[in-house]
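Below: one structure, written as structure tokens.
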Amino acid sequence: MPDIDLAAATEQRARLRERWLRPAGDRQATIARGLHHTALVSGDVERTIRFYQDVVGFPLTELVENRDYPGSSHFFFDIGHGNLLAFFDFPGLDLGPYAEVLGGLHHIAISVDPEHWEAAVTRLTEAGVAHEVHSEVSVYFTDPDGARIELIADPLGEMYGTRVL
């Protein structure tokens, strides 16, 4: 890890909180209704469907042709509350492996009920999917194409006992 001035980083966060963070009652209302979908790239449509539907537990809701790339599929999984996790495949393109880059995706955190969280961890284990459990409520793993996923048993708007919304 690079040398980081931790005191300066703490000071920077405090400055940003003071400048930008407003109490809930003073914040403007968001214009958003929710996350319609997050779109990731799949290297193999059937493998992705098996993984997300059978191992993770998100039902496939639709599979259509990608309007922007003939021969490509666009498919969707239900992640609750009217939100979707979507995928494209791009047959014929050599896209290479996942890479963490500025402006890129680090991970997607999806809230699940505690009893579903336990069952998902069991399915990951039974399927031989490498995963790490943190703080007794988060499990991190990568999908077959290297996308990082977190399932978190904390309620929406909460993270490790802290209200974030």
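The values are calculated or read from the model by the stated rules, or taken from the named source; none is laboratory data. The structure presented is a predicted model; accordingly, all values stated were derived computationally and were not measured. Cβ placement follows ideal geometry from the backbone for every residue including glycine, while neighbour counts extend to all protein chains displayed. Calculation scope for accessible area: heavy atoms of the full protein, side chains included, ligands and nucleic acids excluded. Shrake-Rupley method; radii C 1.70, N 1.55, O 1.52, S 1.80 Å.
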*asked:* Just checking, does region 128-147 include any residue being aliphatic (A, V, I, L, M) and within 26 Å of residue 67 (Cβ to Cβ)?
replied: yes
*Taking region 25-66, which residues are assigned to a strand (DSSP E or B) and more than 18 Å from residue 149 (Cα to Cα)?*
61, 62, 63, 64, 65
*Please go through region 138-165 and pick out each residue that is in contact with a Phe, Trp or Tyr (Cβ under 9 Å, 6 or more places away or on another chain), hydrophobic (A, V, I, L, M, F, W, C) and in a strand (DSSP E or B).*
139, 149, 151, 152
*Output yes when any residue across region 87-96 is exposed (fewer than 14 other Cβ atoms within 10 Å of the Cβ) and within 23 Å of residue 131 (Cβ to Cβ), and no when none is.*
no
*Can you tell me which residue within region 1-23, out of those that are of a type in the set (A, V, I, L, M, F, W, C) and open to solvent by 100 Å² or more (accessible area, probe 1.4 Å), is modelled with the lowest pLDDT?*
1
*Do you know which of the residues in region 3-24 that are within 30 Å of residue 98 (Cα to Cα) and assigned to a loop (DSSP other than H, G, I, E, B) is nearest to the chain's Cα centre (by Cα)?*
4
